[in-house]
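Please read the structure below before turning to the comments.
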Amino acid sequence: MSSKQETQVGLLRGINVAGQKKVPMAELRELATSLGFANVKTYIQSGNIVFRSELSEEEAAQRLEGAISKHFGFEVEAVVCSAAEWLGYAAMSPFPEAEEARPKTLLLGVSKSGPASDAVAIVMDYAVNERAALLKGGLWIDFVDGSGRSKIRPAVLQKALGSSATTRNWRTVQKLADMVRELDAK
């Protein structure tokens, strides 16, 4: 493959949740490879994929969505980030104390269109004990008391992020950054 390939991080929205939209990671890796993506790796069952591609992030997302629809028979939205963008997210959140104290409930929200200018205000209208901030094009939410009872639901995130949104917790952000660094070191 060409040396123009760049490392990218793909995030699939809403797969393998409560038995819905099942996408086995081995099949996802094979499917991504068939699209011409190289060095394809996945992380856990929630639709995290790191790969190298010559395509733009938008084109890679469109290819993933189309291939998943054709192969599995259902629609899945994909957000693809550049390696630099992802490493920027992983460098720091706006809530460093939560990175240590609550890595599973500190969430990064990303979308294809990027956050609305009033994203924090939208989220905070529903907040009880949560905190939210924009940093480097991502919407960060610290679910201080966990997300189970929060009123900040997917529809709120979608409104704040301007399109379908997907979230990843701090631990996943870090693991995907490690995978990016590992792939870029090859």
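Read-outs: derived from the displayed coordinates by stated rules, not from any lab. Worth saying up front: this structure is predicted, and the values here are computed from it rather than measured. As a convention, Cβ positions derive from the backbone with ideal geometry for all residues, glycine included, and neighbour counts pool all protein chains shown.
Figures for the structure shown
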item: Segment 68-146 shape via C-alpha gyration tensor axes, a/c threshold 1.5; result: prolate
item: Two-site label geometry, GLN5 and LEU35: point separation in nm, points 7 Å out along Cα→Cβ; result: 1.5
item: Length-normalised contact order of the chain in % [C-alpha pairs under 8 Å, at least 6 apart]; result: 23
item: Dipole magnitude of the chain, debye to nearest 20 (Cβ charges: Lys/Arg +1, Asp/Glu -1, about Cα centre); result: 420
item: Long-range tail of P(r) for the chain (Cα pairs > 24 Å, %); result: 36
item: Crossing angle, helix 170-185 versus the chain [Cα axis fit, 0-90 degrees, rounded to tens]; result: 30
item: Degrees between helix 25-34 axis and first principal axis of the chain (Cα, 0 to 90, nearest 10); result: 50
item: C-alpha long axis of helix 57-72 to longest principal axis of the chain, angle in °; result: 80
item: Residues with amide H under 5 Å from that of GLY36, placed H, sequence gap 5 or more; result: none
